[in-house]
1. Test of understanding: among 61, 26, 35, which residue is open to solvent by 10 Å² or more (accessible area, probe 1.4 Å) and under 28 Å from residue 234 (Cβ atoms)?
2. In the stretch 185-195, which residue that is open to solvent by less than 70 Å² (accessible area, probe 1.4 Å) and of a type in the set (A, V, I, L, M, F, W, C) is nearest to the chain's Cα centre (by Cα)?
3. Could you say which residue among 111, 88 is under 26 Å from the mean Cα position of the chain (by Cα), among the polar types (S, T, N, Q) and within 18 Å of residue 158 (Cα to Cα)?
4. Among the residues of the stretch 112-141, what is the count of those that are outside any loop (DSSP other than H, G, I, E, B) and in contact (Cβ under 8 Å) with a residue 12 or more places away in the chain?
5. Could you identify the single residue in 296, 283, 268, 289 that is modelled with pLDDT under 95 and either open to solvent by less than 20 Å² (accessible area, probe 1.4 Å) or in contact with a Gly (Cβ under 7 Å, 6 or more places away or on another chain) (or both)?
6. Among the residues of the stretch 154-184, which ones are buried (at least 20 other Cβ atoms within 10 Å of the Cβ) and over 20 Å from residue 115 (Cβ atoms)?
7. Which residues, counting only those in the stretch 1-18, are crowded, with 21+ Cβ neighbours inside 10 Å and over 10 Å from residue 63 (Cα atoms)?
8. Just give me the residues in the stretch 362-387 being at pLDDT below 85 and among the hydrophobic types (A, V, I, L, M, F, W, C), in sequence order.
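The values are calculated or read from the model by the stated rules, or taken from the named source; none is laboratory data. The structure presented is a predicted model; accordingly, all values stated were derived computationally and were not measured. Ideal geometry is used to build each Cβ from the backbone, glycine not excepted, and the neighbour counts take in all protein chains shown. Accessible surface is based on the protein model in full, side chains and every heavy atom, while ligands, DNA and RNA are left aside. Shrake-Rupley method; radii C 1.70, N 1.55, O 1.52, S 1.80 Å.
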Amino acid sequence: MTARRLGWAGVALGAIAWYVTLPPLLVRTPVPSVLIALVAVGAGVAATREGDAQICRAAILVGISGGIGAIVATKSGEANLEKVFVWSALFAAALRFATPLLFAALGGIMSERSGVINIGLEGMMLMGAFFGIFGADISDSWVIGLLIGLAAGGVLGFLHAVFSIALRADQVVSGVGINFLAAGITGYVFIAHYGDQGTPGSVPNVPQVNLPFIKETGFFGEAIGSANLLTWVALLLVPLMALFLYRTAAGLRLRSVGEKPRAADSVGIPVLRTRYLAVVTSGCLAGLGGVYLSVGLVHSFNQGMTAGRGFIALAVVIFGGWRPYGALAGAVLFGFSSAVAQRLPAFSDSLAVLFQALPYVLVLIVVAGLIGRSRPPASIGVPYVKE
């Protein structure tokens, strides 16, 4: 058995160790779970000896977490567990929370695959969130609002591109400046237009899409039988972006610009134009994630409502190895942690508040490389000077 298989086996066993103590199995003694968790940790250690340190970290972390989770679950009441761990409802909530992260992460992949770091995803999401609901309000159309929010994110993406590509400014500093600029613009216009009243409740919302045949099929019906239109758009974008990046000439040119811009330029690929298009597209996608937040999920706007989701999206990009399907997995993971936290008041309010920090803890774990280190594009963050 290879080191990688050992590591993934450890990850699976760590998850199983926790799962068996939850509904519907509800094993009420922690002994089997602790033994399974120890085997998971052992598989991670064995993977290290075989030379795969990355998957080892994941196996050890999941094994320890699974064991601790199992102990906590066995000491909890069955009624509380059954209230929290309704898997279909958790999966549906995870998709809702994952949708804005997925839009922003796909935008981050576009930008960073071209070689431009986009720390400004947070600000682009915030611009999309405000101008999306503002556009929907003044036009009385969620479609117009969606287009305005998308354009607002694209404008910030263009501004970030000008500073990062044309002026060759530090891309991290430019992205941070974009975030502050977005907070100032949205806060000012929000107060100037809505004052203390807030956004009206009559703003048109992005509709839900009901799947009539699936909706009546138990678990799948409750999980995906009814979902927001933008959730389906985000899920559809994953295979489309993967197809674009790895199966089209344009995607190959984009990736070559992020890896070897000098070589790409030598064969006639317009490096600067490609990067401009990628960063503007990144802003549009992040803006679309913001539109989902305000017009699709919350149905209102509050200052700073993105609440760090743009930074979590950056962690999702790293977690996914700058690949669309990896970003989908990371977004669902972070979405699931938020969904569990939302339902934890069934145990206690204080535990729920504490668990709200889990997505940010996961960010630290991902950035620190405990889940696994992926190789970023070779020329990411390096301004290109045409000779």
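1. Working: 26 fails: under 28 Å from residue 234 (Cβ atoms); 35 fails: under 28 Å from residue 234 (Cβ atoms).
Only one candidate qualifies: 61.
2. If we filter the stretch 185-195 for residues that are open to solvent by less than 70 Å² (accessible area, probe 1.4 Å), which is where we start, we get 185-187, 189-190, 194-195.
If we keep only those that are of a type in the set (A, V, I, L, M, F, W, C) too, we end up with 185, 189-190.
Working: 185: 24, 189: 27, 190: 26 Å.
Filtering the stretch 185-195 for residues that are open to solvent by less than 70 Å² (accessible area, probe 1.4 Å) and of a type in the set (A, V, I, L, M, F, W, C), the one nearest to the chain's Cα centre (by Cα) comes out as 185.
3. Sole residue among the options that is under 26 Å from the mean Cα position of the chain (by Cα), among the polar types (S, T, N, Q) and within 18 Å of residue 158 (Cα to Cα): 111.
4. Step one: of the stretch 112-141, the residues outside any loop (DSSP other than H, G, I, E, B) are 112-113, 121-139.
Still in the list and also in contact (Cβ under 8 Å) with a residue 12 or more places away in the chain: 112-113, 121-137.
Summing the residues that are outside any loop (DSSP other than H, G, I, E, B) and in contact (Cβ under 8 Å) with a residue 12 or more places away in the chain in the stretch 112-141 gives 19.
5. 296
6. Within the stretch 154-184, 179, 182 meet the criteria.
7. Matches in the stretch 1-18: 6, 7.
8. Quick first cut of the stretch 362-387, residues at pLDDT below 85 only: 362-375, 386-387.
Across the stretch 362-387, the qualifying residues are 362, 363, 364, 365, 366, 367, 368, 370, 371.
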